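Written out below as structure tokens is the structure these notes cover.
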Amino acid sequence: MTRNRKTVELLAPAGNWEALEAAVEAGADAVYLGGKQFNMRLHRSDMNFDNAALKKAVAYTHAHDVRLYITINNLISDDELLALKEYLLYLGEIQPDAILVQDFAVLELVRSLGIKLPLHTSVMMNTHNEAAIERLKEYGITRIVVGREMTLAELALFRERTGIEVEYFIHGDMCISESGQCIHSGVLFGQSSNRGRCLKPCRWAYELIDEQTKEVLDTDGPGPYKLALKDMCMYRSIPELIQAGVCSFKIEGRMRPADFVRRIVTTYRRAIDRYLADPVGYAIDEKDWQQLYEGRARDLTTTFA
């Protein structure tokens, strides 16, 4: 397969209009965002896009030759089905370039309502075997976001055997649980991660304390962030990602401000373009890497890749 800007997509997050503009201006090939309902980032009322803003976002991105994907990637309850139908019909009218889903109810409704939109699985669907892919294809799924627990070698074999498009997280926060299947926030606070309301208690600082004496037991430990994982960063592995058959390089961060989105997209845009222009002569830009490293929130890792 020829590798170019049409087959290797840089996919940026947007939680508000400023971040959307930053992503487009920085050179994203596509942007993903959520509406005010049915998505995995609902715990902040100042983020996400109402219906009018979604329509405006579709027009804006398409005017700049950028694709727009809308997330419908939380779990759906029975009493939400009517509202979900209305929302899906609206998305069918404004025609984003795809919707990302977790719940099979969304797939069933898209089919029964006759909505003509490309369908991608969210990482939350935890797709990781060929049988699941063949079943999902029957629903019209054209792309999967594979679990971050998959190695690049497994991913390459997966892609070869199924022929489906593969989207892969290359930068950003990592959930403590497998592909986001976590109940920590829901158990502690009644704010379920699968309902888009995760409070990220895994990112908090903790102490180990003797229940009887109240003595702090971990004063010599590595630090207070005992559950937090390092952040994903695949910047130094762009050739391996492309060679494994990844078609979409996904940056995590729909709650991030516009300046973060602009900086990360710009850095990866330069690197991907250099590789596509000259795969044989490609070399890592150490200055870009250093800026990326110095701007990190936590230490960086390639995790299972």
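The aspartates and glutamates whose alpha-carbon is closer than 19 Å to the alpha-carbon of K56, local same-chain residues fewer than 8 away aside, are E18, E21, E25, D29, D46, D65, E86, E93, D97.
So if each residue of separation counts as 0.36 nm, and I subtract the Cα-Cα distance between A132 and K36, what length gain in nm does that give? Result: 31.6 nm gained on full extension.
Please work out whether region 188-305 counts as rounded, prolate or oblate from its C-alpha gyration tensor, where a ≥ b ≥ c are the square roots of the eigenvalues and a/c under 1.5 means rounded, while otherwise a/b larger than b/c means prolate and anything else oblate? Prolate, because a/c is 1.5 or more and a/b exceeds b/c.
Between the listed residues T61, G114, V146, the Cα displaced farthest toward the positive end of the dipole of region 37-178, a dipole computed from Cβ unit charges relative to the Cα centre, is found at T61. Using DSSP to define loop residues, name the trypsin sites (Lys or Arg not before Pro) in region 199-244 whose beta-carbon has at most 11 other beta-carbon atoms within 10 Å. In loop regions of region 199-244 (DSSP not H, G, I, E or B), the sparsely surrounded trypsin sites (Lys or Arg not before Pro) are K214. Take the alpha carbon atoms of region 41-70, find their center, do the same for region 109-165, and report the distance between the two centers in whole angstrom. Centre-to-centre distance over Cα atoms comes out at 23 Å.
Summarised in one figure, the compactness ratio Rg/Rh of region 124-267, Cα atoms and Kirkwood Rh, is 1.05. Any idea what log10 I(q)/I(0) is at q = 0.07, 0.08, 0.12 Å⁻¹ for the chain, Debye with uniform C-alpha scatterers and no solvent? For the chain at q = 0.07, 0.08, 0.12 Å⁻¹, log10 I(q)/I(0) is -0.28, -0.36, -0.81. Between A205 and Q181, residue separation times 0.36 nm minus the direct Cα-Cα distance comes to 6.5 nm. D by Stokes-Einstein for region 88-153, Kirkwood Rh over Cα pairs, 10 °C, 1.306 mPa s: 128 µm²/s. Each other residue within a Cβ distance under 13 Å of K56 adds +1 if Lys or Arg and -1 if Asp or Glu, for a net charge of -1. A 1.4 Å probe run over the protein chains yields, for the chain, 47 Å² of accessible area per residue, whole-number rounding. Rule-of-thumb check for region 220-267: C-alpha Rg over 2.2 N^0.38 Å? That works out to 1.54 for region 220-267. Can you classify region 3-149 as rounded, prolate or oblate using the Cα gyration tensor, where a ≥ b ≥ c are the square roots of its eigenvalues, rounded means a/c under 1.5, and otherwise it's prolate if a/b beats b/c and oblate if not? Verdict is oblate for region 3-149. Using a cutoff of 8 angstrom between alpha carbon atoms and counting only pairs six or more residues apart, the relative contact order for region 25-88 works out to 43 percent. Each helix, a run of at least 4 DSSP H residues, gives -39500 (n - 2.57); summed and divided by the residues of the chain, these come to -10500 deg cm²/dmol at 222 nm. Cross-link pairs exceeding 30 Å in C-alpha to C-alpha distance, out of K55/K137; K137/K226; K137/K250; K230/K287; K116/K250; K6/K137, comprise K137/K226. The relative contact order of region 117-215 comes to 21 percent, based on Cα pairs under 8 Å that sit 6 or more residues apart. Checking every one of the GluC sites (Glu not before Pro) in region 204-253 against DSSP loop status and a limit of 16 other Cβ atoms within 10 Å picks out E207, E211, E215.
Maximal additional length on extending the E149-L81 stretch stands at 21.3 nm, based on 0.36 nm per residue less the C-alpha distance. Take every Cα pair under 8 Å whose residues are at least 6 apart in sequence, average their separation, divide by the length of the chain, and the relative contact order is 23 percent.
For F189 and V280, a Förster radius of 51 Å and the Cβ-Cβ distance give a FRET efficiency of 0.45, rounded to the nearest 0.05. Expressed as a whole percent, the accessible surface of the chain that belongs to carbon and sulfur atoms is 52, based on a 1.4 Å probe.
The values are calculated or read from the model by the stated rules, or taken from the named source; none is laboratory data. The structure presented is a predicted model; accordingly, all values stated were derived computationally and were not measured. All Cβ positions, even for glycine, are placed from backbone atoms using ideal geometry, and neighbour counts span all protein chains on display. SASA here: full protein model, heavy atoms, side chains in, ligands and nucleic acids out. Shrake-Rupley method; radii C 1.70, N 1.55, O 1.52, S 1.80 Å.
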